[in-house]
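To start, the structure itself, in structure tokens.
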Amino acid sequence: MRTGLRCGLVAAALVAAGASGMASAADKLLTMPIDKALASEAAKERIDPNTKLLFGFNKLEGATAPTSYKTVKRVRRPVSQVPDAPRPTDEQLCQTVFVQAVQDLQQRAAQAGSNAVVEIRSNWKDDETASETTYVCAKGAAYIGVALKATLVKTGG
């Protein structure tokens, strides 16, 4: 009887481990174009054109008071849709979350007295990716996420 009970418990544990393993499937990393996100309607409403943005490892000559800002992450859980309403695409959700993250960087720069955000790079789960043209957007089972890392600086002009 004890052997049967042990086998049953081991089997139950294996089934539970398998089920939880499926629930925590790895993120799918999407490479998305920066220029398209910055041209979106959300960007036009949220991004401050007076705060300079430089992506990749680009720096500004003569910039002072550099301050690192480690990670900005915006996660959006898609809400249930109204019947017959078009569901946002992954690309649209990535753009929205990216714009929110960039806006947060700009707000942080303003709070620090900076007027530029440079060396902006993706940093999903501490896996850094630097590009002047693309960002990384992570798609999980129930979310879309973007994490950015940057340096906030002051410029003379």
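The values are calculated or read from the model by the stated rules, or taken from the named source; none is laboratory data. These numbers come from a predicted model, not from an experiment. Please note: Cβ atoms are built from the backbone with ideal geometry, for glycine as well, and neighbour counts cover all protein chains shown.
Ile47 satisfies every condition listed in (1) touching a residue at least 60 places away in the same chain (Cβ under 8 Å); (2) closer than 26 Å to Thr155 by Cα; (3) under 19 Å from the mean Cα position of the chain (by Cα) except (1).
One residue stands out among those in region 109-140 that are more than 19 Å from Ile34 (Cβ to Cβ) and out of contact with any helix residue (DSSP H, G or I) (no Cβ under 9 Å at 6 or more places or on another chain): the one that is modelled with the lowest pLDDT, which is Gly140.
Matching residues to (1) at negative phi; (2) modelled with pLDDT under 80; (3) within 19 Å of the chain's Cα centre (by Cα); (4) exposed (fewer than 11 other Cβ atoms within 10 Å of the Cβ):
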| residue | (1), (2), (3), (4) |
| --- | --- |
| Leu9 | yes, yes, no, yes |
| Met32 | yes, no, yes, no |
| Gly56 | no, no, yes, no |
| Ser80 | yes, yes, no, yes |
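For the residues Gly140, Gly62, Gly145, Gly156, the requirement of being small (Gly, Ala, Ser) and on the phi > 0 side of the Ramachandran plot singles out Gly62.
Quick check on Val102: is it crowded, with 16+ Cβ neighbours inside 10 Å and out of contact with any Pro (no Cβ under 8 Å at 6 or more places or on another chain)? In short, yes. For the condition assigned to a helix (DSSP H, G or I) and basic (Lys, Arg), Arg108 qualifies.
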